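All remarks here apply to the structure that follows.
Just so it is clear, none of the values below were taken in a lab; they were calculated from the coordinates. Keep in mind that this is a model prediction, so the values were computed, not measured. Heads up, the Cβs are rebuilt from the backbone with ideal geometry, glycines too, and the neighbour counts pull from every protein chain shown.
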Amino acid sequence: MKKILIIIVIVFSFQKVHSQNSDVEKSIFGIQTGFLGLWGFNEARLASKLALRSEIGLNAGFFSGTFIEDGFILTPSITVEPRYYYNIKKRNEKGKSTFHNAATFLALDVTYLPDWFTISNLDNVSVLDNVSFIPKWGIRRNIGKHFNYEVGFGLGYRFYFSDELAHPEDKQELAGDLHLRIGYTF
């Protein structure tokens, strides 16, 4: 019995110890889906707590009106989002997972919705070119090694580039962002 115990101690003493990094990861790639879309993303480290998230995908939406049928739309979106993971070091100190930037963050979501193409159940549906600037708060957590989920919300402004809008006051509006996403990180 003593020999077995000594062998076990020796084997485990030569095992490589993996410690978590308390900084944002250098670069992560993944895909996410939510109730209103599908996106591919990359997060690149800018500083120990700061990452730049770039994202391309399809945003979904539903619409109805007095003179049109009810419908849905998918339109491309491009997002750039600096994220400040303000509690990543604290989570690491408490022994909680920070793998794949699992922490709470503040961000400035800048999303461009171009009128390149749309996918809809109705003909001749388009979007007006617009860009939104939305400060937001969110959390990211992992489910196992590769899966993750995010929850976030914010309030900002959306600006339209279209000449189809007759009044200048129609070219901007209050915009909200509530995202609930589940994803896979490569």
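The criterion of being within 20 Å of I139 (Cβ to Cβ), surrounded by fewer than 19 Cβ atoms within 10 Å (Cβ to Cβ) and aliphatic (A, V, I, L, M) does not hold for L74.
So if I check each of T111, T118, which one is surrounded by 13 or more Cβ atoms within 10 Å (Cβ to Cβ) and within 18 Å of E55 (Cβ to Cβ)? Answer to the selection: T111.
Residues checked against (1) surrounded by fewer than 16 Cβ atoms within 10 Å (Cβ to Cβ); (2) in contact with a Cys (Cβ under 7 Å, 6 or more places away or on another chain); (3) of a type in the set (D, E, K, R); (4) under 19 Å from I182 (Cα atoms):
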residue	(1), (2), (3), (4)
Q32	no, no, no, yes
L36	no, no, no, yes
A44	yes, no, no, no
D70	yes, no, yes, no
Y86	yes, no, no, no
K90	yes, no, yes, no
K94	yes, no, yes, no
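Condition first: without any contact (Cβ under 8 Å) to a residue 12 or more places away in the chain and either more than 18 Å from E43 (Cβ to Cβ) or of a type in the set (F, W, Y) (or both). Can you find one or more residues in segment 99-118 that meet it? Checking segment 99-118: not a single residue is without any contact (Cβ under 8 Å) to a residue 12 or more places away in the chain and either more than 18 Å from E43 (Cβ to Cβ) or of a type in the set (F, W, Y) (or both). Taken over segment 127-177, the criterion of being of a type in the set (F, W, Y) and surrounded by 13 or more Cβ atoms within 10 Å (Cβ to Cβ) is satisfied by F133, W137, F147, Y149, F153, F159, Y160, F161. Pairs meeting the criteria (first residue in segment 125-137 and within 29 Å of V151 (Cβ to Cβ), second residue part of a strand (DSSP E or B) and among the charged types (D, E, K, R), beta carbons under 6 Å, at least 6 apart or on different chains) are N130/R158; S132/R158; I134/D109; I134/D177; K136/D109; K136/D177.
Number of residues in segment 27-82 that are assigned to a loop (DSSP other than H, G, I, E, B) and under 22 Å from V151 (Cβ atoms): the value is 3. Which residues, counting only those in segment 115-164, are of a type in the set (S, T, Y) and in a strand (DSSP E or B)? Hits for segment 115-164 are S120, S132, Y149, Y157, Y160.
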